[in-house]
Amino acid sequence: MSIHLHPDISEKIQAFIASGHFADETDVIDQALDLLAMREKKLEQLRAELAIGEMQEQRGDMYELTPERVARIKQHARENWSNGKPVKDARTRRSVGSCSPWGD
């Protein structure tokens, strides 16, 4: 396949190669496409999570996240931690490892 690139894009590709981080044009484009695919996958995940949130809102399953509610959530997580129950990191949805998530 033959692709004609705008001179600005060609210069950027050559600069990446000159930096020593990429072997050739194919390497630059391959890694750029990998990053684009990862971005698209993340956007798809975010859209799915947004759709869940919108459905929850339509059902009235929403609540205000007040400082008091955050304190209750943290207390519940600490109790679970103390009782050996798994505590999930809200950002990753994975169980926290052997160290306390609060630095205890």
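The values are calculated or read from the model by the stated rules, or taken from the named source; none is laboratory data. Keep in mind the model is a prediction, meaning the values are calculated, not measured. As a convention, Cβ positions derive from the backbone with ideal geometry for all residues, glycine included, and neighbour counts pool all protein chains shown.
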If you check residue 26 against the conditions, is it part of a helix (DSSP H, G or I), of a type in the set (Val, Ile, Thr) and either modelled with pLDDT under 90 or exposed (fewer than 12 other Cβ atoms within 10 Å of the Cβ) (or both)? yes
Test each condition in (1) assigned to a helix (DSSP H, G or I); (2) in contact with a Phe, Trp or Tyr (Cβ under 9 Å, 6 or more places away or on another chain) for residue 50 and report the one that comes out false. (2)
Does segment 23-34 contain at least one residue that is more than 26 Å from the chain's Cα centre (by Cα) and among the hydrophobic types (A, V, I, L, M, F, W, C)? yes
Can you confirm whether residue 100 is over 21 Å from the mean Cα position of the chain (by Cα), small (Gly, Ala, Ser), at pLDDT below 85 and surrounded by 10 or more Cβ atoms within 10 Å (Cβ to Cβ)? yes
Which condition does residue 16 not pass, out of (1) exposed (fewer than 10 other Cβ atoms within 10 Å of the Cβ); (2) touching a residue at least 12 places away in the same chain (Cβ under 8 Å), if it passes all the others? (1)
